[in-house]
Amino acid sequence: MKATKTIISTLRDAPNDAVISSHQLMMRTGMLRKLGNGLYSYMPLGLRSLRKVENIIREELDAAGLLEMKPTVVVPGDIWRESGRWDKMSGEMLTAQNRAGQDMVVSPTAEEAFTVLIREGLSSYKQLPVIVYQINTKYRDEIRPRYGVMRGREFTMMDAYSFDADQKSLDESYEKCAAAYRRIFKRMGLSTISVKADTGAMGGSGSEEFMVESEVGDDTLILCPNCSYAANVEKAACRPDEALDKDGKPQVPATEQISKVDCPGVETIAAMETFFKMPATQFIKVLIYKVYNSTLDFTDAPGGKSFRREEENTAAPYYPESFIAVAIRGDLDVNETKLAAVLKASGVELAEQEDVIKYSGAPHGFVGPVGLTKVPLLADESVMVSRGDGTFDVKLHDTVTGGGTKDIDNMHVEPGRDFVPFMTADVRVVKPGDKCPDCGGTFYMKKGNELGHIFKLGDKYTKSMNVTYLDVNGKPVTPIMGCYGIGVDRTLASIIEEHHDEKGIIWTMSTAPYQVVIVPVKYDGTMKEAADKLYDELTKEGIEVLLDDRNERPGVKFNDADLIGFPIRIVVGEKNLPNVEIKLRKEADARLVPLADAAKETAAVVRAELAELSK
């Protein structure tokens, strides 16, 4: 390709709204142009790199035995009602009605569509397992799109779904896809971190994210320096730690009965530490949360019968709105993502003061676990752990809690003696300094961006959408699913985030729009002849090459070559002929090579780097 036959439109400065390197560089190189808030269009150079990323994904998935499909982007709203997600994800979906009045959805994700498409042709266990995928356009109505294509409203996504007869088969499909992911990111030159993660609105278990480190990452990673433990903070767990009393000694069970203490205005844990002259590890704080769309059964929980439960025209009974009290050690915070997952809910948020008083009898700051009858109580495992037989392993003793009345606290509260929770679970926020559950190492934290996410979905969708096949005995069975996604645009942006310098992008050989750029100092005379000869020879070698034949000053061409980030630059100058100057973008120095040898040597470098990435 000659530069005058394509679109090269570079900018000296990035737009004001571009704050991360990939966004700045994709706009400055002219790879992207903005159509609207969160809506970006790929120009020819950008599209070439996007297609490179897509093709690497496609090649590795095909090699792993996955089958590519092409569902529609616009799908019927009825299939979202079948799965039970029409209401739960309505805020993120772009919806419309066709001329017949049918609700339609511009796909934000594809579980429903793939489930329906496989359901239509699935009849026998002999057809399983099957893993199908698409590389397709998505739309999510992000509240605050930012960082260019890193978090846009319209984006390209690879979605894969496995359909398996049993857990063993699902485990095999999951590992097959995980191995393909590692090959995909290796071929792109990306350094990824594999972390345990929350499944969010997709549901399921066995979730793993493939992350890249980023100073402006949307995700917080908890990492162990001594072993391979890595988790998103939303999912991270830690080794239990022993709570100590005010003398720094292990806590012992209370021997005294509860006593009430007047403590007007002592509403925070910090204020309690001063007032009671005790460490926060001796306190239990209780927070009231509003819970949305929980499928957990609260029928036998305190106050559970007061919550409205939807049971008709839904895949599974759920509570559109409910409330729960959470008891946790005073120095810890509640991880709302973990809490929502435990409650099988679409989300949770701290309740308004009016509801806090309605369900607990006291405002926030004075809510206690004793005597709660209008709301279920969940105790974090820092307080106590259920043994599953109606008894508990109590972690805190002789504690101070809210008294259930404004300006009153309770002393000598003994968990298990003075209150029993409806359930216990790990809902604490894990922080740097906490200990690794696997090896006891001390956690540290990094920011990261998610490139890919894989789930073991189980029968969440196949059951709600009535997918069955006949097993070897001729009986109908519901298959189980896995879900595997890669954000294609985000992956492209992450390559730039990892591979750039102050001059511009440094593309990996496998993802560059062109592997080589030929820059004649002036496209005229002997320099034109040499540049054309080199261009023809490289093209015959199968190398992707751009010939910069523009009538621009040499400095402009050199700066554009560095900004756009072509892996290899060949300069054809009259003073050096019959030699040409070859420079790798990632290296500081150039070298002179005879024109007659330049094509062969350059092709060898390209092939060697591609081979190294593919190892």
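The values are calculated or read from the model by the stated rules, or taken from the named source; none is laboratory data. What you see is a predicted model, and the numbers here were worked out from it, not measured in a lab. With ideal geometry, Cβ positions are generated from the backbone for all residues, glycine too; neighbour counts draw on all protein chains shown.
With respect to (1) touching a helix residue (DSSP H, G or I) at 6+ places or on another chain (Cβ under 7 Å); (2) more than 17 Å from E381 (Cα to Cα), the lone exception for R329 is condition (2).
Can Y484 be described as part of a loop (DSSP other than H, G, I, E, B), in contact with a helix residue (DSSP H, G or I) (Cβ under 8 Å, 6 or more places away or on another chain) and of a type in the set (F, W, Y)? So Y484 does not fit the description; no. Looking at T508, is it within 24 Å of the chain's Cα centre (by Cα), modelled with pLDDT of 95 or more and not assigned by TED's automatic domain parsing to the domain that holds A160? Considered against the rule, which asks whether it is within 24 Å of the chain's Cα centre (by Cα), modelled with pLDDT of 95 or more and not assigned by TED's automatic domain parsing to the domain that holds A160, T508 comes out as yes.
How many residues does the range 12-32 hold that are loosely packed, with under 14 Cβ neighbours inside 10 Å and either at pLDDT 95 or above or among the hydrophobic types (A, V, I, L, M, F, W, C) (or both)?
1
In the range 253-287, the qualifying residues are those that are over 42 Å from the mean Cα position of the chain (by Cα) and hydrophobic (A, V, I, L, M, F, W, C), and the one that is nearest to I324 (Cα to Cα) is I258. Among the residues of the range 267-294, just one is acidic (D, E) and assigned to a loop (DSSP other than H, G, I, E, B), namely E267.
Filtered by the rule that a residue be closer than 23 Å to D87 by Cβ and among the polar types (S, T, N, Q), the range 322-364 gives S322, T337, S346.
If you scan the range 308-357, which residues turn out to be aromatic (F, W, Y) and either in contact with a Gly (Cβ under 7 Å, 6 or more places away or on another chain) or at pLDDT below 95 (or both)?
Scanning the range 308-357 gives Y318, Y319.
Restricting attention to the range 219-232, the residues being crowded, with 19+ Cβ neighbours inside 10 Å and part of a loop (DSSP other than H, G, I, E, B) number 2.
Results for (1) in the same structural domain as Y484 (by TED's automatic domain parsing); (2) within 23 Å of F163 (Cα to Cα); (3) out of contact with any Phe, Trp or Tyr (no Cβ under 7 Å at 6 or more places or on another chain); (4) among the small types (G, A, S), shown as yes or no for each residue.
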| site | (1), (2), (3), (4) |
| --- | --- |
| T10 | no, no, yes, no |
| N16 | no, no, yes, no |
| S21 | no, no, yes, yes |
| L25 | no, no, yes, no |
| L32 | no, no, no, no |
| L35 | no, no, yes, no |
| R48 | yes, no, yes, no |
| V73 | yes, yes, yes, no |
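Being under 20 Å from D78 (Cβ atoms), in contact with a strand residue (DSSP E or B) (Cβ under 9 Å, 6 or more places away or on another chain) and at pLDDT below 95 is a property that does not hold for Q167.
Scanning the range 489-499 for residues that are assigned to a loop (DSSP other than H, G, I, E, B), out of contact with any Pro (no Cβ under 6 Å at 6 or more places or on another chain) and buried (at least 24 other Cβ atoms within 10 Å of the Cβ) turns up nothing.
Restricting the range 54-78 to residues that are part of a helix (DSSP H, G or I) and touching a residue at least 60 places away in the same chain (Cβ under 8 Å) leaves a set whose member that is farthest from M93 (Cα to Cα) is A63. Name the residue that is surrounded by the fewest Cβ atoms within 10 Å (Cβ to Cβ), counting only residues in the range 269-294 that are over 22 Å from Q251 (Cα atoms) and at pLDDT below 95. Checked the range 269-294; the qualifying residue surrounded by the fewest Cβ atoms within 10 Å (Cβ to Cβ) is Y292.
K2 meets the stated requirement of being in contact with an Asp or Glu (Cβ under 9 Å, 6 or more places away or on another chain) and among the charged types (D, E, K, R).
Flag: S464 matches the condition of being surrounded by fewer than 24 Cβ atoms within 10 Å (Cβ to Cβ), in contact with a helix residue (DSSP H, G or I) (Cβ under 8 Å, 6 or more places away or on another chain) and modelled with pLDDT under 95. Look at (1) acidic (D, E); (2) out of contact with any Ser or Thr (no Cβ under 6 Å at 6 or more places or on another chain); (3) under 30 Å from L170 (Cα atoms); (4) modelled with pLDDT under 95 and you find that D389 fails only one, number (3). When restricted to residues that are loosely packed, with under 15 Cβ neighbours inside 10 Å and either in a strand (DSSP E or B) or among the acidic types (D, E) (or both), the range 472-481 contains 1.
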